[in-house]
Amino acid sequence: MSFLEQTRSKKKPALILALIIALMLTTVYVSSTLTAYGATIDYWQVKLGDETLALVETEQEAQDLIGLVENYYMDGNEGAVLVSVEPAMSVEKVTVKMVEEQPELTQNPEVLLLELLEGESDQWTYVVEEGDTFWDISIKTETDIDTILATNPGTRLDTLLPGDELVFGSIKYAINVTNEMEVQTEREIPFETVYEDTDELYEGEEEVSTEGVLGKRNVTELVTYVNGVKTAATELSSEEVEAPVTEVILRGTKEKEVEVVETQSYADTSDTESSTTSTYEEASYSEPASYSGANAIFNAAYSQLGYGQDCTALVSNSLQAAGIYFHGWPEDYAVLGSWTNNPQPGDICIYSGHVAIYAGGGQAIHGGWNGGTTALYSVYCSNPLIGYIRVN
């Protein structure tokens, strides 16, 4: 064999080996490309209704964001029985191929959700000036007293001072969170009042024989809050822990003695014989008023028990039953009559910043704050009592 032939015979196996190696490398490259093209990455998006709020790396992170919203108003309260979000929140998986452009993750999604929970506010503040009344403020702010009290919980008509701040406007929420919680509170039980006739007192006089004492009961309510504001309450159960004591009032039946005075009159004796005649006049005496108007006022007030209204609305509505049309601040009702130390049903109870209708037996019919329920309970409440007005 010639040298050339020997050389060619040696190159052939080497060429074949090179081809095999090249083929293997090509196969690995193609396989790697196909594998990379088929690989995917999962992301998780948090949705509010149909809108995507955030895109995060893990499902747990997405669920934690929903938990942040649901627990925002809980403040550690473990009595929640229901939490709902409107629009509804959900978690949805998003799968993206590795060879495609990867989506941008949401930076600080917790901060984004907290901003949405706070809502967009157009609220502004009014600073109370010297001499301001709620009536003045309602005119200046082009609103009404009920709105002022509703947007400023805890504000009282009788404690308004210069420098106090009142909030006006509202907040618009992108996310509405509703919480229902079982809440336990202690409530008062009104005492009953009974009357017993006695001939040891004059007619029209009354005397408390046994003081009434309010009872107590433990109440469990299902309370609904929307965005942290109480919107409804339903009583679930009630347990009496202290029974009320009935108040007993003695009512006089003894007739009052009429004082009789003798007067003399003298006839003209210029032309006739002098003569003397005696006449008798019945002296007048003061007696507590018990007229049909007072009865009408009391009956009208009593018929409104359970209605949602404030104290001035209750009294004004009751006065209309007696043909009296008046509405003003609590202390203004004093102009309708005269002060009395012996209140009778139908008299007006005047307080500092409050007004009610006397019901007898140390109790009065009170309107509620901020449209609260009209109720019958003790004359004495959180507002200082000034006195009683008997309507003229």
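What follows draws every value from the coordinates through simple rules; no lab data is involved. Just so we're clear, the structure is a prediction, and the values are computed from it rather than from any experiment. With ideal geometry, Cβ positions are generated from the backbone for all residues, glycine too; neighbour counts draw on all protein chains shown.
The table for this structure:
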| item | result |
| --- | --- |
| Sequence ranges 92-103, 41-52, 136-147, ranked by mean other-Cβ count within 10 angstrom, highest first | 41-52, 136-147, 92-103 |
| Proxy reagent accessibility, fewest Cβ within 10 Å first, across Leu53, Leu201, Leu236 | Leu236, Leu201, Leu53 |
| Set Lys93/Lys230; Lys47/Lys97; Lys140/Lys172; Lys93/Lys172 screened for pairs whose C-alpha atoms are more than 26 Å apart | Lys93/Lys230; Lys93/Lys172 |
| Cβ-defined net charge surrounding Glu211, 14 Å radius [Lys, Arg +1; Asp, Glu -1] | -4 |
| Top positive-direction residue, dipole computed over region 139-241 with Cβ charges, set Ile189, Val219, Ile145 | Ile145 |
| Order by protection proxy (mean Cβ within 10 Å, highest first), peptides 380-387, 344-351 | 344-351, 380-387 |
| Net charge over other residues, Cβ less than 13 angstrom from the Cβ of Leu336 (K, R count +1; D, E count -1) | -2 |
| Proximal charge balance of Ala359 [Cβ under 14 Å; K/R count +1, D/E count -1] | -4 |
| Per-selection Rg to Rh, region 289-392 - Cα, Kirkwood hydrodynamic radius | 0.91 |
| Gain in span if fully extended, Glu92 to Asp136, counting 0.36 nm per residue against the direct Cα distance | 10.4 nm |
